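What follows is a single structure, written as structure tokens, with notes after it.
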Amino acid sequence: MQSTDIATSWVRGTLETCLLALLARGEAYGYQLTQELAQRGIGQIPGGSLYPALARLEKAELITSQWRPGVSGPGRKYYRLTGQGRQALAAHSQSWREFAANVQELLSSGAEVSDDA
């Protein structure tokens, strides 16, 4: 498995949590979210991944959306975190910290094993 395949699977598994974290900072529309994810090193998220993830979050009532007319272009759909979304983000964040610590411990212990073991 190539590193890009691994990174893609990591993003697929964490995209919704990343979106909740971004929306905890304030409302945003889809393109803003993709730009922010890219700037933070998560990668370029295609619309075919982004919008279904946003739809799942909205269906779960973790976010809401609102269409607004564009000033000099087409309208945009803005997303906002709900109270339930804030609770889910807190739970996801705690789970992520525990998971990441366990993976880091595993990787560190693997690095300590010599090649002739």
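What follows draws every value from the coordinates through simple rules; no lab data is involved. No experiment lies behind these values; they were computed from the predicted model shown. Because the Cβ atoms are built from the backbone with ideal geometry, glycine has one as well, and the counts that use them run over all protein chains shown.
Computed on the chain, with alpha-carbon pairs under 8 angstrom and 6+ residues apart, the relative contact order is 25 percent.
A DSSP coil position with no more than 15 other Cβ atoms inside 10 Å describes the following trypsin sites (Lys or Arg not before Pro) in the stretch 14-117: Arg25, Arg40. Between Arg76 and Arg97, the simple spin-label model (points 7 angstrom out along Cα→Cβ) gives 3.2 nm. Applying the Karplus relation 6.51 cos²θ - 1.76 cosθ + 1.60 with θ = phi - 60° to the stretch 90-97 yields 3J(HN,Hα) values of 4, 5, 5, 5, 5, 4, 5, 4 Hz, where x marks Gly and Pro.
Hydrodynamic radius of the chain by the Kirkwood approach over all distinct alpha-carbon pairs: 16.0 Å. Taking 0.36 nm per residue of separation and subtracting the Cα-Cα distance, full extension of the segment from Ser49 to Leu107 would add 18.0 nm. Extension gain, Trp67 to Val11: 0.36 nm times the residue separation minus the Cα-Cα distance gives 17.5 nm.
Projecting the Cα atoms of Ser9, Gln39, Val103 onto the dipole axis of the chain, where Lys and Arg carry +1 and Asp and Glu carry -1 at the beta carbon, places Gln39 farthest toward the positive end.
Net charge in the neighbourhood of Gln32 (other residues with Cβ under 12 Å of its Cβ; Lys, Arg +1, Asp, Glu -1) is +1.
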